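What follows is a short report on a single structure.
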Amino acid sequence: MSLSLALLSLVAQDATYLASMTVPLGPDERLRGFAFETWGVQFKAVCRIPSGWRIKAGASATPDGTLEGTASHGATFLGRARLGELDALVLVTLSGPMREAARVANGEVPATFAGQAIIDDDSEDGRRVPIGVANIGLRPAARCP
């Protein structure tokens, strides 16, 4: 087997990680919620749920899935000091490396994680900002902490 085929086979193997989420916030901003569409991600467990939040994670029989989180009301929105509550959020198995959306000969391969965060700006619906693979941190793990 050539070196390039050996490397390709290593990348193609499933690997399990603890996934953490981060969103850049200004000093007076707070996170109200988030929603990711996922590709090639199997959710093994929701490892932690911030107080007053609902977290949903799952996938269908195809490679697509979702990871969503919503605060129940203003007192549970996450400011900078509490964003650490999204560390080690979920245990996931990835079917390949993390990637942005990419065009291929027969269409497009979606990003591993792509979605939006809802930032509290004192409006009824909040301000929506795009989030993606850059907002997800991975560390190898076999189980939740």
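Annotation: of all residues in region 97-133 being in a loop (DSSP other than H, G, I, E, B) and over 26 Å from T16 (Cβ atoms), the one that is nearest to the chain's Cα centre (by Cα) is G126. Here G84 meets the list (1) closer than 27 Å to R143 by Cβ; (2) surrounded by 13 or more Cβ atoms within 10 Å (Cβ to Cβ); (3) at pLDDT 95 or above almost entirely, failing just condition (2).
Here's a check for you: in region 84-96, which residue that is assigned to a strand (DSSP E or B) and more than 11 Å from the chain's Cα centre (by Cα) is farthest from I55 (Cα to Cα)?
First pass over region 84-96, keeping only residues assigned to a strand (DSSP E or B): 90-94.
Keeping just the survivors that are more than 11 Å from the chain's Cα centre (by Cα) gives 93-94.
Details: T93: 18, L94: 19 Å.
So the residue we want is L94.
Summed over region 97-131, residues that are under 23 Å from R54 (Cβ atoms), small (G, A, S) and crowded, with 17+ Cβ neighbours inside 10 Å total 4.
Just one residue in the set G69, G52, G58 is closer than 16 Å to T93 by Cα and modelled with pLDDT of 95 or more; that residue is G58. The residue pairs whose first member lies in region 91-112 and is at pLDDT 90 or above, whose second member is hydroxyl-bearing (S, T, Y) and part of a strand (DSSP E or B), and whose beta carbons are closer than 6 Å, counting only pairs six or more residues apart or on different chains, are V92/Y17; T93/T16. Taken over region 15-34, residues that are farther than 21 Å from C144 by Cα and aliphatic (A, V, I, L, M) amount to 3.
The values are calculated or read from the model by the stated rules, or taken from the named source; none is laboratory data. If you're wondering where the values come from, they're calculated on a predicted model, not measured in any experiment. No Cβ is skipped: glycine too gets one built from the backbone with ideal geometry, and neighbour counts run over all protein chains shown.
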